[in-house]
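Peer 1: Handing you this structure, nothing more for now.
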Amino acid sequence: MDLRKLKTLIDLVSESNISELEITEADGKVRIVKSEPAAMAVPQVYATAPVALAPAAAAAQAPQAVVAAPPVEVGHTVKAPMVGTFYRSSTPGGKAFVEIGAQVKEGEPICIIEAMKIMNEIEADKAGTVTQILCDNGQAVEFGQPLFIIE
């Protein structure tokens, strides 16, 4: 694995929500683990590969990325009940289920998450006003990822 590829992987781990990444290739294995003291995210690289990779891993580890802590949300957070793709409307280019400032009732559909080619309507689990939409249309979402803030 060359230094550019290793650096790219370290940057991806630093900028993402994943805490650990392990890649095995024919020429060796690389494991990147992000440790997060306070407001810093510093990936650690562990390599099991030919000796030529060890200096590259050490050199790539020198730059440290600083990731700011996410802002504290006020109100009720509607979270993704599954992994999939987030859609704000039922059809491409269609009218969004909700906009910021919209009043929603408990049980009212607010978005769709597509998982394995199945469109799953996600309903508001609390009545109130939508104050924030935390995902972009077409964005991949993880289980438990915040989607909306309702106050």
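The values are calculated or read from the model by the stated rules, or taken from the named source; none is laboratory data. Keep in mind that this is a model prediction, so the values were computed, not measured. We place every Cβ from the backbone using ideal geometry, glycine too, and count neighbours over all the protein chains shown.
Peer 1: Working only within region 117-151, note down all residues that are on the phi > 0 side of the Ramachandran plot, part of a loop (DSSP other than H, G, I, E, B) and either touching a residue at least 12 places away in the same chain (Cβ under 8 Å) or of a type in the set (Phe, Trp, Tyr) (or both).
Peer 2: Gly138, Gly144
Peer 1: Does any residue in region 3-18 that is not assigned by TED's automatic domain parsing to the domain that holds Gly144 come within less than 6 Å, Cβ to Cβ, of a residue that is surrounded by 13 or more Cβ atoms within 10 Å (Cβ to Cβ) and not aliphatic (A, V, I, L, M) six or more places away or on a different chain, and which pairs are these?
Peer 2: Close Cβ pairs satisfying both conditions: Ile10/Pro43; Val13/Lys34; Val13/Pro43; Ser14/Pro43.
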